[in-house]
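Okay, so here's the structure we're looking at.
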Amino acid sequence: MTSVFDLDLPVLKTDELDRLEALEEANSVAAESWIARTDLGVAVLHQADVAAILRDRRFHSALSRIREMNGVEGPESEFFASRRPSILSMEGDEHTRLRRLVSPAFTPAAADRHRPAMRRVISDLLEPHLAAGRIELVAEVCEPYPIPIICEVLGAPAEDWRLFSEWATGIFKIFNGNLSEDYPAIEAASRSLADYIAALVEQRRGTPGDDLLSDLITMESEGDRLDTSELCMLAEAVLMAGTDTTRNQLGCLMAVLATRPDRWAELRADRSLIPRAIEESLRYLGAVRLTVRVAAEDVEYRGVTFPEGTFISAHLAAANRDPAVFEDPNELDFHSSRPVEQMTFGSGIHRCLGAALARAELQTSLEVLLERFATVELAGPVTWKPPSFGIWGPSSLPLAFTVA
Ligand code: HEM
């Protein structure tokens with residue numbers, strides 16, 4: 001069988017393009033081919049293939065290979081070697097067991113408990129800027145918004161949000177492409193968070209609260225429970241997977257709506273459109289544009305072989321504009337009766353565990369923004385993070401608004 005590397009494939013550029021160019025490039029390559037070559041390996045671009053690759057257990061999450069992807073050699077530090085692998089990079093029975101145990105703690109009802117706190121956080125962030133009628137939304141709202149919510153969700157005291165923010169910054173260095181240098185900072189942040197969560201777990205075992213950590217402590221399936229190191233790993237996964245994603249998605253949402261006064265007026269007139277608007281904005285401009293898999297064995301798919309070790313990007317953003325699935329994929333449509341099968345939360349066994357929480361956070365923030373801003377528009381150019389960033393959105397979003 002032909003190896004994927006013997007095919008004459010179009011090349012998907014990832015560097016030196018701005019946000020819109022990168023999206024257009026992916027869409028135009030997708031119009032001619034279901035698969036393209038990238039710096040790392042290959043990328044699949046159509047929704048059916050993206051879903052198939054993410055649901056195929058012969059492809060594993062590439063997070064387990066992050067050291068290799070960053071060209072880091074040598075043995076892992078004792079600390080990281082002794083730790084539980086993250087749910088994000090685990091595979092097989094181990095991953096299935098964990099998802100079975102923890103999924104009941106991540107339902108829409110569990111997320112809805114925190115809507116009052118979400119409303120409070122976003123209102124407090126907006127309040128000081130209302131009189132001015134102007135705000136740089138990324139620095140003032142998007143960046144700080146998710147961390148106090150993760151504290152609340154985990155059941156940590158609200159005043160500890162600064163600690164969580166520091167640890168998140170440290171742990172996120174894992175994605176900066178400079179792993180050799182950043183390792184000590186990543187390890188220090190990860191260790192401090194684990195110590196903090198271990199102490200909180202002890203406390204919650206004695207006095208359970210109405211929070212995720214307490215729920216996870218009591219989760220049980222056929223006599224099986226999570227131990228403290230698994231609870232620490234999950235808390236770190238929630239902090240890592242649930243903060244930068246949400247803040248960038250909120251930035252993407254508002255960058256789009258600030259250029260669409262018609263859509264803003266429509267949402268203000270009919271708030272029942274909010275859940276639909278959030279789904280459509282996740283499709284239209286998602287903060288996670290792709291996720292990478294690695295072939296765990298030689299895999300045959302669509303008549304070609306992906307040799308063991310091949311890195312394959314599932315291009316969520318291209319799948320989200322697939323004309324075979326979406327009529328008028330480049331239109332932002334809050335009304336269409338078509339099912340919204342947006343891919344920004346991924347698919348398959350690693351599909352976003354926090355999707356209900358993310359939806360609640362995005363819906364609540366949009367509700368509050370619609371209540372406060374009668375009109376909103378760009379007050380200057382939007383600047384975007386480089387397209388090479390795994391989790392991506394505006395780096396600055398200056399807005400002018402009239403108060404409702
Ligand atoms: C708009 C915000 C969010 C987006 C776009 C997003 C996107 C994603 C995507 C694409 C994946 C799959 C990654 C892969 O297949 O390699 C994922 C996994 C995950 N997400 Fe989210 N996420 C968001 C918010 C959250 C929140 C708020 C949480 C907090 C609980 C969270 C927790 C997780 C976890 C724990 C996983 C790993 C699941 C597993 O590997 O089994 N995410 N997310």
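The values are calculated or read from the model by the stated rules, or taken from the named source; none is laboratory data. Remember, predicted model here, so these are calculated numbers, not experimental data. Don't worry about glycine lacking a Cβ; one is built from the backbone with ideal geometry, like all the others, and counts go over all protein chains shown.
The rows are residues; the columns are (1) outside any helix (DSSP H, G or I); (2) at pLDDT 95 or above; (3) surrounded by 14 or more Cβ atoms within 10 Å (Cβ to Cβ).
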position	(1), (2), (3)
121	no, yes, yes
132	yes, yes, no
135	yes, yes, yes
165	no, no, yes
172	no, no, yes
186	no, no, yes
191	no, no, yes
If the requirement is being within 16 Å of the ligand (Cβ to nearest atom), touching a strand residue (DSSP E or B) at 6+ places or on another chain (Cβ under 8 Å) and not hydroxyl-bearing (Ser, Thr, Tyr), which of these qualifies: 294, 299, 304?
294
Confirm whether residue 285 is buried (at least 16 other Cβ atoms within 10 Å of the Cβ) and under 25 Å from residue 11 (Cβ atoms).
yes
When you scan the stretch 288-299, do you find a residue that is at pLDDT below 95, part of a loop (DSSP other than H, G, I, E, B) and within 22 Å of residue 88 (Cα to Cα), even just one?
yes
Regarding the stretch 336-349, can at least one residue be identified that is under 23 Å from the mean Cα position of the chain (by Cα), away from the ligand (no atom under 12 Å from the Cβ) and among the aromatic types (Phe, Trp, Tyr)?
no
When residues of the stretch 203-215 are filtered for being charged (D, E, K, R) and part of a helix (DSSP H, G or I), how many remain?
3
Run down 48, 52 and say which single residue is within 14 Å of the ligand (Cβ to nearest atom) and either farther than 18 Å from residue 308 by Cβ or part of a strand (DSSP E or B) (or both).
52
Taking the options 365, 396, 347, 336, name whichever one is in contact with a helix residue (DSSP H, G or I) (Cβ under 9 Å, 6 or more places away or on another chain), farther than 25 Å from residue 172 by Cβ and of a type in the set (Ser, Thr, Tyr).
336
Inside the stretch 240-270, can you point out the residues that are within 14 Å of the ligand (Cβ to nearest atom), part of a helix (DSSP H, G or I) and not aliphatic (A, V, I, L, M)?
242, 244, 245, 246, 247, 248, 249, 251, 252
Which of the residues belonging to the stretch 125-159 are β-branched (Val, Ile, Thr) and within 16 Å of the ligand (Cβ to nearest atom)?
138, 141, 147, 149, 150, 153
Scan 372, 359 and give me the residue that is charged (D, E, K, R) and within 11 Å of the ligand (Cβ to nearest atom).
359
Could you list all residues from the stretch 216-237 that are surrounded by fewer than 23 Cβ atoms within 10 Å (Cβ to Cβ) and either near the ligand (Cβ under 9 Å from one of its atoms) or assigned to a loop (DSSP other than H, G, I, E, B) (or both)?
219, 220, 222, 223, 225, 226, 227, 237
Every residue in the stretch 296-311 that is without any contact (Cβ under 8 Å) to a residue 60 or more places away in the chain and surrounded by 13 or more Cβ atoms within 10 Å (Cβ to Cβ), please.
298, 309
